[in-house]
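Here the structure is laid out as structure tokens; the discussion comes afterwards.
What follows is calculated from the coordinates using simple rules that are stated; it is not laboratory data. Every value quoted in this text rests on a predicted model; they were computed, and no experiment measured them. FYI the Cβ positions are ideal-geometry reconstructions off the backbone, even for glycines, and counts take in every protein chain you see.
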Amino acid sequence: METKINTLKNQALFEIEHATSHDALKAIEVKILGKKGVLTDILKGLKDVAPGERPKMGSLANLVKNEILAAIEKQKEHLSENYYTSLEQTQWIDHTLPGKMHNTMGTLHPISTIQLKIEEIFKSMGFYILDGPDVETEYNNFTALNIPEHHPARDMQDTFWTTGSHVLRTHTSPVQIRGMKKLKPPFRAIAPGRVFRHEATDAAHDNTFYQIEGLMVDRNVSLSHLIFSMKTLIDQIMEQDSEVRLRPGYFPFVEPGFELDMKCKICGGNGCSVCKHVGWIEVLPCGLVHPNVLRAGGIDPSEFSGYAFGLGLDRLVMMKYGIHDIRYFHSGDLNFLKQFV
């Protein structure tokens with residue numbers, strides 16, 4: 001038995017010395033020292049050894065086992081050293097170079113997120129989703145909305161003009177006209193989109209922003225229909241009961257006209273730069289559709305009436321997320337946008 005143990009030791013040490021990977025070392029350890037290993041099989045023969053020789057063989061077996069384990073650990077260290085030495089030569093890294101950017105998945109802009117949510121809210125109330133061009137005719141943007149040439153309301157909007165009496169639309173209200181010409185009443189529709197104004201920018205104003213125009217045309221439409229729709233919208237977007245108010249306002253395309261305000265969520269109604277220190281922020285102009293606008297859309301005002309509103313989407317998003325400056329939306333600042341992932 002002593003000869004078998006020593007022969008096994010010599011063979012094992014030879015294989016360990018020439019092993020070229022950690023996996024190979026593991027395989028040698030299992031083959032020799034495992035439950036079904038060669039050394040284990042040899043020790044099963046101790047019962048056939050003379051009683052006086054058994055302690056000696058058992059002690060020898062333990063010494064060989066420890067010597068094999070030590071050789072395996074030494075070879076592991078040697079292989080690891082060689083591995084990192086080879087990396088240093090074959091995969092040299094210049095630590096002064098900038099790191100590689102990890103690919104990250106993009107997300108929706110906060111305005112897009114809230115727009116999609118608003119569309120779902122209105123679709124649940126039976127509204128169509130309409131679209132229209134950013135460059136509009138003067139007729140659709142002004143005249144058909146009861147804003148004739150030389151009307152002071154045109155000056156209030158300081159528009160961007162192109163050739164051929166076309167203009168970058170100053171509101172999404174022109175989609176009212178396009179919608180009324182294509183849809184047969186009764187109908188309900190909203191028109192989200194980008195609009196343009198020659199504005200002096202500040203915390204609450206920008207020259208490019210987003211609106212959602214809303215229109216309902218039916219028989220016997222009243223302000224109660226308008227207020228219910230607007231309150232439902234704002235409460236669902238803010239995910240809480242929001243305090244709103246109506247105050248009279250002049251808009252040529254509605255009669256009577258109102259401003260719907262919401263208590264400022266930035267300052268809680270105490271006054272800040274966003275609400276111009278009055279505690280309320282204008283969310284949308286609204287009112288009952290003017291008969292002249294119904295006629296321009298090919299609808300008889302003696303038979304049908306309607307309500308319309310123009311929601312300032314940017315401002316609603318500001319209230320939703322507590323954003324204190326509208327200019328952040330178009331800043332391209334990824335640190336700002338990543339907050340809404």
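Which GluC sites (Glu not before Pro) in segment 252-303 sit in a loop by DSSP (not H, G, I, E or B) and have at most 11 other Cβ atoms within 10 Å of their own Cβ? Taking segment 252-303 and a limit of 11 other Cβ atoms within 10 Å, the loop GluC sites (Glu not before Pro) found are E303. Sparse packing (at most 15 other Cβ atoms within 10 Å of the Cβ) combined with a DSSP loop state is found for the following trypsin sites (Lys or Arg not before Pro) in segment 1-62: K35, K36.
Unpaired Cys in the chain, meaning no second Cys C-beta under 4.7 Å: C286. Note on K56: lysines with a C-alpha under 17 Å away, same-chain residues under 8 apart excluded, are K4, K9, K44, K47, K65.
Place a +1 charge on the Cβ of each Lys and Arg in segment 87-202 and a -1 charge on the Cβ of each Asp and Glu, then give the dipole magnitude about the Cα centre in debye, rounded to the nearest 20. Walk me through the numbers on the way to the answer.
Details: 12 positive and 13 negative charges, 152 e Å.
Around 740 debye, computed over segment 87-202.
Near A203, once Lys and Arg are set to +1 and Asp and Glu to -1 for all other residues with Cβ below 13 Å from its Cβ, the sum equals -2. Each of E138, E120 was scored by other Cβ atoms within 10 Å of its Cβ. Listed from fewest to most, they are E120, E138. Taking the DSSP beta bridges with both ends in the chain, the antiparallel portion is around 95 percent.
Could you size up the charge dipole of the chain around its Cα centre, putting +1 on the beta carbon of Lys and Arg and -1 on that of Asp and Glu, and report it in debye to the nearest 20? Present the calculation step by step, with values, prior to reporting the outcome.
Values: 37 positive and 41 negative charges, 247 e Å.
For this selection, approximately 1180 debye.
Counting other Cβ atoms within 10 Å, keep those with at most 12, restrict to DSSP loop, and tell me which chymotrypsin sites (Phe, Trp or Tyr not before Pro) in segment 56-157 are left.
Here the sparse-neighbourhood loop sites are W92.
This ranking places L39, L337, L215 by how few other beta-carbon atoms lie within 10 Å of each, fewest first, which gives L337, L39, L215. Peptide packing for 283-294, 217-228 was compared via the average number of neighbouring C-beta atoms within 10 Å per residue; ordered from the highest value, the list is 283-294, 217-228. Does segment 1-124 classify as rounded, prolate or oblate by the C-alpha gyration tensor (a ≥ b ≥ c root eigenvalues; a/c under 1.5 gives rounded; else a/b over b/c gives prolate, otherwise oblate)? In terms of gyration-tensor shape, oblate. The fewest-to-most ranking of D202, D241, D261 by surrounding Cβ atoms within 10 Å reads D241, D202, D261.
Translational diffusion coefficient of segment 47-192 at 37 °C, 0.692 mPa s, Stokes-Einstein with Kirkwood Rh over Cα pairs, in µm²/s as a whole number.
My calculation gives 136 µm²/s for D.
Beyond 22 Å, what share of the Cα-Cα pairs of segment 247-319 remains, rounded to the nearest whole percent? The proportion of pairs with Cα distances above 22 Å equals 36 percent.
Just the number, please: Stokes-Einstein D of segment 187-341 in µm²/s, Kirkwood Rh from C-alpha pairs, 20 °C, 1.002 mPa s. Walk me through the numbers before you get to the answer.
On the way: Rh = 16.6 Å.
Diffusion coefficient, whole number: 129 µm²/s.
Can you work out the base-10 log of I(q)/I(0) for the chain at q = 0.09, 0.13 1/Å, using the Debye formula on its C-alpha atoms alone? For the requested q values the scattering log ratios are -0.59, -1.00.
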